[in-house]
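Participant: Here it is: the structure, laid out below.
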């Protein structure tokens, strides 16, 4: 398609798979592309064998998948993945680069923008076209307390980090017969200055992929009460989460922190127990499908985001709700 | 002597701002597309304070070092630098020039990189993981890219294993990661590093007698045309307070069991449990 604009989605091989956030980002890019008459292509960087992941993208309607494979891309390091992505960008010549804002993508996007000498915007939760035809991105600022809209130049192509959390379910995507376009990553002479000495490998599901998240805040009163949060999360087939306040207090781990500086979650059910709703927390969960807030203060901001609210002390409510969920499980 | 440069940003006080947002009192200025900052004090970005603290911990561990703090523009830079000096910074450099006005993220990084070059380079560049105002988190990686350094983000601990290598503990949502990086390098600091030290009265007093050095674009060899030509790349076109659902149904009942039953029924009919 000569003359047609191209939106390039940037993703990585994440332990042999594409993270679910990749598909959210592709959906957002496709939505934007429909309005602007653009095409959507993707780039995957990773170790050899990464091109097998291309078919997952064909499955959601992305036909051109640029793949850079190299041993320097075995680990999730920003510099090498940026250089490989840069090679793909030069080959694809896009009008917009949308980086999946994974942990690696967060560092890669600004690094890439600096190498391309172009504009950069992170944390976009929505991409759209404005009335004059320009591309706009919506992104939360001030910890989510304010939404800013930015216009993105397409020449040179801007780099935008897309923050999954906007919940872009795309039912219209039809599988296509796609192709893999090999990219010479140019990494043969790359000298790596970073050595990963130790990495905790969490097994099992990650917080941002859970269908149900039950989070506790300081309202649970005592670290020992976090066990109720864990028990309820397990009963509902979900994972326990936490506010930054109780992570700072050491009642829960960093991996459980939901929010701006923790994990962004978009479960079907989010239960905020004893959480008042600081904007930095709301940033991380406000796109959940159904939000339940349990907090004694009816004026707490969390209730403005919740579908259901309980204003009873959470320590009275939790045991009763846990019993209720057990009853449901046993079908009695 | 290890040359540590800390990049610091002046931001509205995030606690006051949060309180304003909480109570729905946050006002916007649609003309300038910024928030109204009357009644909101500004100061050093808290993550950047922790970057100064990270530098001080290296010094406490016996690393011989100079700690220089750089900041661009701002409304009340004196307060920022005073804080930096009180926390232990040796020198402060205030980068100020009309030609910096309206700089986008990347121009900002170019200004900082030029200043670092002008000051004779750095072995370790520290900054907060993000500004608490715009939450972009791009300063560290962009400065690293421009100076051809690696960038290690979201650190909670930085140590030197040799004069050429730093050992950094990162806090990721998947758990901790320990990396070793060759210097020179950029490291961005996360809140898990812990709060900065409480300056002694003596440190506060000494800080008041120190002044930052002002540097202009021509001092640092920065071409302000770069700002002018990059203005239109990413430009703010609107600002709004997010819409809330405001449709919360409070589940009432005489006792916990009744409320629990009602809530469970509602969640089952919504198909989420």
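The values are calculated or read from the model by the stated rules, or taken from the named source; none is laboratory data. What you are looking at is a predicted structure, and each value in this text was computed from that prediction instead of being measured. Using ideal geometry, Cβ is built from the backbone for each residue, glycine included, and neighbour counts are taken over all protein chains shown.
Participant: Can you give me the number of residues within the stretch A:192-223 that are assigned to a helix (DSSP H, G or I) and within 22 Å of residue B:171 (Cβ to Cβ)?
Facilitator: 5
Participant: How about the stretch B:154-270: which helices (runs of 4 or more DSSP H) wholly inside it have at least 2 residues that are more than 23 Å from residue B:53 (Cα to Cα)?
Facilitator: Correct list: B:217-220, B:225-230, B:256-269.
Participant: Within the stretch A:106-124, which residues are more than 7 Å from every other protein chain (Cβ to nearest Cβ) and either part of a strand (DSSP E or B) or surrounded by 24 or more Cβ atoms within 10 Å (Cβ to Cβ) (or both)?
Facilitator: Within the stretch A:106-124, A:108, A:109, A:112, A:124 qualify.
Participant: Give B:161, B:200 a once-over and let me know the one that is touching a strand residue (DSSP E or B) at 6+ places or on another chain (Cβ under 7 Å) and more than 9 Å from chain A (Cβ to nearest Cβ).
Facilitator: B:161
Rundown of residues vs (1) away from every other protein chain (no Cβ under 14 Å); (2) in contact with a helix residue (DSSP H, G or I) (Cβ under 9 Å, 6 or more places away or on another chain), yes/no style:
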{"site": "B:4", "(1), (2)": "yes, yes"}
{"site": "B:40", "(1), (2)": "no, yes"}
{"site": "B:45", "(1), (2)": "no, yes"}
{"site": "B:66", "(1), (2)": "yes, no"}
{"site": "B:100", "(1), (2)": "yes, yes"}
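Participant: For residues in the stretch A:259-274 being more than 8 Å from chain B (Cβ to nearest Cβ) and out of contact with any helix residue (DSSP H, G or I) (no Cβ under 6 Å at 6 or more places or on another chain), which is farthest from residue A:148 (Cα to Cα)? Please lay out each step first, then the result.
Facilitator: At the first step, the residues of the stretch A:259-274 found to be more than 8 Å from chain B (Cβ to nearest Cβ) are A:259, A:264-267, A:270-274.
Going one step further and asking which of them are out of contact with any helix residue (DSSP H, G or I) (no Cβ under 6 Å at 6 or more places or on another chain), we end up with A:266-267, A:271.
Details: A:266: 21, A:267: 25, A:271: 28 Å.
Only one residue tops the list, namely A:271.
Participant: Within the stretch A:131-162, count every residue that is at the interface with chain B (Cβ under 7 Å from one of its Cβ atoms), surrounded by fewer than 22 Cβ atoms within 10 Å (Cβ to Cβ) and in a loop (DSSP other than H, G, I, E, B).
Facilitator: Of the residues in the stretch A:131-162, 1 are at the interface with chain B (Cβ under 7 Å from one of its Cβ atoms), surrounded by fewer than 22 Cβ atoms within 10 Å (Cβ to Cβ) and in a loop (DSSP other than H, G, I, E, B).
A quick yes/no check of all residues on (1) over 25 Å from residue B:175 (Cα atoms); (2) within 14 Å of chain A (Cβ to nearest Cβ); (3) at pLDDT 95 or above:
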| residue | (1), (2), (3) |
| --- | --- |
| B:84 | yes, no, yes |
| B:110 | yes, yes, yes |
| B:114 | yes, yes, yes |
| B:133 | yes, yes, no |
| B:143 | yes, yes, yes |
